[in-house]
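What follows is a short report on a single structure.
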Amino acid sequence: GAGVSQTPSNKVTEKGKYVELRCDPISGHTALYWYRQSLGQGPEFLIYFQGTGAADDSGLPNDRFFAVRPEGSVSTLKIQRTERGDSAVYLCASSLMQDNEQFFGPGTRLTVL
Amino acid sequence: GENVEQHPSTLSVQEGDSAVIKCTYSDSASNYFPWYKQELGKGPQLIIDIRSNVGEKKDQRIAVTLNKTAKHFSLHITETQPEDSAVYFCAAIFTGGGNKLTFGTGTQLKVEL
């Protein structure tokens with residue numbers, strides 16, 4: 001079946017702008033995760049959804065970052081007033097509710113000029 | 001705090017040789033340890049995982065071993081092939097950390113002809 005998909009694959013924006021990144025999880029997966037990966041580093045956790053609610057948002061770096069999952073499937077990561085330091089690859093993963101195996105999408109490469 | 005250390009950072013082997021990547025973790029109560037392979041421009045791909053109730057798991061040319069007493073786990077790739085060249089990440093889920101993965105810093109594996 002289809003894996004995790006993310007759009008757009010690349011996003012270039014200017015400092016101070018607002019961006020939205022979208023994630024479509026594997027069908028039937030109730031858990032959804034967002035991670036951020038800087039060049040040469042491992043992914044770092046941002047936020048985790050179980051169904052529609054954010055079960056753990058401890059990884060969000062500040063209040064400019066926000067994520068939603070209104071119907072328990074697609075999720076959107078929103079970044080306000082982008083800064084150059086926000087440039088990274090944003091990865092989404094999903095897993096079955098009771099299963100720890102997380103499957104990742106291809107990521108969105110965000111560049112803030 | 002929660003931490004996963006990974007080494008080496010780079011590894012070069014001849015085709016057909018074995019490759020071993022090692023990780024150590026800080027929380028003795030961790031119970032899930034996946035390994036991911038990431039190719040350039042792609043998201044991490046789950047290749048094998050191990051849970052704390054077993055000491056070793058194999059899948060064709062790939063094996064993972066876990067030593068809970070020493071708090072380390074290793075990835076073993078036998079009969080390496082050029083297509084094994086990629087960045088490999090170990091990860092762990094820490095007790096009390098929800099379902100979020102904490103990643104190592106990655107190992108760039110190069111399989112030379």
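The values are calculated or read from the model by the stated rules, or taken from the named source; none is laboratory data. Note that the structure is a prediction, hence the values are computed from the model and not measured. For neighbour counting, all protein chains shown are included, and Cβ atoms are generated from backbone atoms with ideal geometry for every residue, glycine included. Only protein heavy atoms, including side chains, enter the accessible area calculation; ligands, DNA and RNA are left aside. Shrake-Rupley method; radii C 1.70, N 1.55, O 1.52, S 1.80 Å.
Can you confirm whether B:Gln81 is open to solvent by 30 Å² or more (accessible area, probe 1.4 Å) and either over 25 Å from A:Gly3 (Cβ atoms) or in contact (Cβ under 8 Å) with a residue 12 or more places away in the chain (or both)? In short, yes. For the stretch B:29-65, the tally of residues that are farther than 25 Å from A:Cys92 by Cα, under 16 Å from the mean Cα position of the chain (by Cα) and either open to solvent by 70 Å² or more (accessible area, probe 1.4 Å) or at pLDDT below 95 (or both) stands at 8. Take A:Ala67 and decide whether it is within 11 Å of another protein chain (Cβ to nearest Cβ) and either closer than 14 Å to A:Val19 by Cα or in a strand (DSSP E or B) (or both). Here the answer is no, as A:Ala67 does not meet what is asked.
Taken together, the criteria exclude A:Phe103 from residues that are within 11 Å of chain B (Cβ to nearest Cβ), in contact with a Lys or Arg (Cβ under 6 Å, 6 or more places away or on another chain) and in contact (Cβ under 8 Å) with a residue 12 or more places away in the chain.
Check whether at least one residue in the stretch A:71-88 is within 14 Å of chain B (Cβ to nearest Cβ), within 30 Å of B:Asn31 (Cα to Cα) and modelled with pLDDT of 95 or more, and report yes or no.
Residues of the stretch A:71-88 that are within 14 Å of chain B (Cβ to nearest Cβ), as a first pass: A:88.
Now restrict to residues that are within 30 Å of B:Asn31 (Cα to Cα): A:88.
Next, only the ones that are modelled with pLDDT of 95 or more stay: A:88.
Checking the stretch A:71-88: at least one residue is within 14 Å of chain B (Cβ to nearest Cβ), within 30 Å of B:Asn31 (Cα to Cα) and modelled with pLDDT of 95 or more.
Scan the stretch B:20-33 for residues that are touching a Phe, Trp or Tyr at 6+ places or on another chain (Cβ under 9 Å), of a type in the set (A, V, I, L, M, F, W, C) and within 20 Å of A:Gly42 (Cα to Cα) and the total you get is 3. Taken together, the residues in the stretch B:13-28 that are in contact with a Gly (Cβ under 8 Å, 6 or more places away or on another chain) and either surrounded by 21 or more Cβ atoms within 10 Å (Cβ to Cβ) or among the aliphatic types (A, V, I, L, M) (or both) amount to 1. Looking only at residues in the stretch A:26-40 that are under 16 Å from A:Pro70 (Cα atoms), hydroxyl-bearing (Ser, Thr, Tyr) and assigned to a loop (DSSP other than H, G, I, E, B), the one that is least open to solvent (accessible area, probe 1.4 Å) is A:Thr30.
Hey, could you check the stretch A:48-64 for residues that are in contact with a Ser or Thr (Cβ under 8 Å, 6 or more places away or on another chain) and surrounded by 15 or more Cβ atoms within 10 Å (Cβ to Cβ) and say which is nearest to the other protein chains (Cβ to nearest Cβ)? Top of the filtered list is A:Gln50. If I ask for residues that are modelled with pLDDT under 95 and of a type in the set (Ser, Thr, Tyr), which ones from the stretch A:15-29 would you list? Scanning the stretch A:15-29 gives a single hit, A:Ser27. When the stretch A:56-79 is filtered for residues that are touching a residue at least 12 places away in the same chain (Cβ under 8 Å) and among the hydrophobic types (A, V, I, L, M, F, W, C), the ones remaining, listed by number, are A:Leu60, A:Phe65, A:Phe66, A:Ala67, A:Val74, A:Leu77, A:Ile79.
If a residue counts only when it is small (Gly, Ala, Ser), which strands (runs of 3 or more DSSP E) contained entirely in the stretch B:1-82 have at least 1 such residues? Explain how you work it out, then say what you get.
On the way: elements: B:4-7, B:10-14, B:19-25, B:32-38, B:45-51, B:56-59, B:62-67, B:72-77.
Passing ranges, in order: B:10-14, B:19-25, B:62-67, B:72-77.
Here is the figure for the stretch B:84-111: residues that are of a type in the set (Ser, Thr, Tyr), open to solvent by less than 20 Å² (accessible area, probe 1.4 Å) and closer than 11 Å to B:Pro34 by Cα total 1.
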